[in-house]
């Protein structure tokens with residue numbers, strides 16, 4: 001019998017309304033089972049590991065990611081797949097982080113959650129949970145159909161490190177602007193193998209060391225020198241530069257000098273676009289040519305979530321800075337299109 005481990009971290013899927021305050025508070029997984037009696041009809045052997053305490057996804061951080069990765073490593077040989085129940089707000093961050101932490105992954109790790117609590121009449125939780133379990137259990141020729149970290153939400157399966165949460169009010173909360181979906185659930189559960197990572201040939205292993213000492217510099221018209229220096233002169237090891245369009249910034253000399261000085265001081269700067277779709281093309285316009293010349297890295301079409309977690313991951317591996325810079329511009333888990 002197919003064995004699936006459900007890892008319950010928290011999130012809206014396991015929330016109820018507190019009678020005293022009217023706010024959403026977490027409850028235990030047994031109540032989820034009570035609200036989804038269909039789970040008993042699945043032809044899988046389901047086990048549950050609940051985090052204690054249950055976490056709101058806003059409290060996710062590299063320490064929790066390490067616990068998740070270590071738990072998957074501990075149970076890796078005992079289960080055919082893993083379903084992680086997670087709050088939607090930071091789900092794409094966790095999915096991206098796990099994609100880097102779980103090297104040579106040959107089994108599905110499917111993150112899902114819901115926009116409405118599981119006890120609500122109109123909840124999306126039941127469908128998301130049941131289909132995520134089906135995806136985690138699906139095999140072809142004895143091998144996992146989706147041997148990667150992914151996000152399932154509202155009938156679509158996304159590569160985890162390509163996903164973003166783009167809506168806080170609709171059931172279709174997630175999208176993948178720069179990469180096709182991996183599967184779609186309708187009358188049939190249709191997989192798209194051409195877009196799914198191949199099964200690895202090397203041994204599974206995990207990496208749990210992260211360096212989260214990162215700053216974020218978001219461009220906007222009228223940005224001041226003081227605002228820029230607050231980031232470029234801060235005690236951080238890397239900076240994510242959220243630029244305009246295809247990677248453009250102001251060409252004001254003071255601004256370029258701030259970036260150049262930060263790079264000379266050893267900071268890594270990665271340029272990504274504020275646009276959800278499309279990619280950075282450093283040097284395409286004059287406004288990004290100087291960035292390229294001074295050593296700003298291209299984030300190509302990586303999401304903000306992936307850029308941040310990839311930097312944390314690479315900087316935590318005790319690699320030479322030149323190697324971190326090299327791998328930031330390469331696809332190591334299918335996270336970018338160079």
- [ ] Given the conditions (1) farther than 13 Å from residue 128 by Cα; (2) surrounded by fewer than 18 Cβ atoms within 10 Å (Cβ to Cβ); (3) within 20 Å of the chain's Cα centre (by Cα), report the number of the one that residue 202 does not fulfil.
- [x] (3)
Open item on the list: Condition first: within 27 Å of the chain's Cα centre (by Cα) and under 24 Å from residue 222 (Cα atoms). Can you find one or more residues in segment 301-312 that meet it?
Closed with: yes
Open item on the list: Let me spell it out: the conditions are (1) modelled with pLDDT under 85; (2) part of a loop (DSSP other than H, G, I, E, B), and residue 10 meets all of them except one. Which number is the exception?
Closed with: (1)
Open item on the list: I'm trying to understand the selection: among the residues of segment 142-190, which are part of a strand (DSSP E or B), in contact with a strand residue (DSSP E or B) (Cβ under 7 Å, 6 or more places away or on another chain), more than 20 Å from residue 308 (Cα to Cα) and touching a residue at least 24 places away in the same chain (Cβ under 8 Å)?
Closed with: 144, 152, 153, 156, 157, 183, 184, 189
TODO: Would you point out which residue out of 255, 204 is touching a residue at least 12 places away in the same chain (Cβ under 8 Å), in contact with a helix residue (DSSP H, G or I) (Cβ under 7 Å, 6 or more places away or on another chain) and farther than 30 Å from residue 71 by Cβ?
DONE: 255
TODO: Consider residue 332 carefully, then state whether it is in contact (Cβ under 8 Å) with a residue 60 or more places away in the chain and either touching a strand residue (DSSP E or B) at 6+ places or on another chain (Cβ under 7 Å) or exposed (fewer than 14 other Cβ atoms within 10 Å of the Cβ) (or both).
DONE: no
- [ ] Output the number of residues of segment 270-323 satisfying the condition of being surrounded by fewer than 21 Cβ atoms within 10 Å (Cβ to Cβ), outside any loop (DSSP other than H, G, I, E, B) and in contact with a helix residue (DSSP H, G or I) (Cβ under 7 Å, 6 or more places away or on another chain).
- [x] 2
Open item on the list: Tell me whether segment 51-65 contains one or more residues that are at pLDDT below 95 and in contact with a strand residue (DSSP E or B) (Cβ under 6 Å, 6 or more places away or on another chain).
Closed with: yes
Task: Hits in segment 41-50 (condition: in a loop (DSSP other than H, G, I, E, B) and either surrounded by 13 or more Cβ atoms within 10 Å (Cβ to Cβ) or not assigned by TED's automatic domain parsing to the domain that holds residue 133 (or both)) - done: 42
- [ ] Pull up segment 245-269, narrow it to residues that are in a loop (DSSP other than H, G, I, E, B) and surrounded by 14 or more Cβ atoms within 10 Å (Cβ to Cβ), then point me to the one that is modelled with the highest pLDDT.
- [x] 267
Task: Count of segment 77-95 residues which are in a helix (DSSP H, G or I), in contact with a strand residue (DSSP E or B) (Cβ under 9 Å, 6 or more places away or on another chain) and surrounded by fewer than 20 Cβ atoms within 10 Å (Cβ to Cβ) - done: 1
TODO: Name the one entry in 68, 116, 111, 98 that is in the same structural domain as residue 199 (by TED's automatic domain parsing), at pLDDT 95 or above and not in a helix (DSSP H, G or I).
DONE: 111
TODO: Can you work out which of the residues in segment 51-65 that are within 14 Å of the chain's Cα centre (by Cα) and part of a loop (DSSP other than H, G, I, E, B) is surrounded by the fewest Cβ atoms within 10 Å (Cβ to Cβ)?
DONE: 61
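Residues are listed down the side, and each one gets a yes or a no for (1) surrounded by 22 or more Cβ atoms within 10 Å (Cβ to Cβ); (2) in contact with a helix residue (DSSP H, G or I) (Cβ under 7 Å, 6 or more places away or on another chain); (3) under 29 Å from residue 45 (Cβ atoms); (4) outside the structural domain of residue 299 (by TED's automatic domain parsing):
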| position | (1), (2), (3), (4) |
| --- | --- |
| 128 | yes, no, yes, yes |
| 133 | yes, no, yes, yes |
| 136 | yes, no, yes, yes |
| 141 | no, no, yes, yes |
| 151 | yes, yes, yes, yes |
| 160 | yes, yes, yes, yes |
| 175 | no, no, no, yes |
| 179 | no, yes, no, yes |
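The values are calculated or read from the model by the stated rules, or taken from the named source; none is laboratory data. It should be emphasised that the depicted structure is a prediction, and the values quoted were computed from it without experimental measurement. Cβ coordinates were reconstructed from backbone atoms using ideal geometry, including for glycine residues, and neighbour counts include every protein chain displayed.
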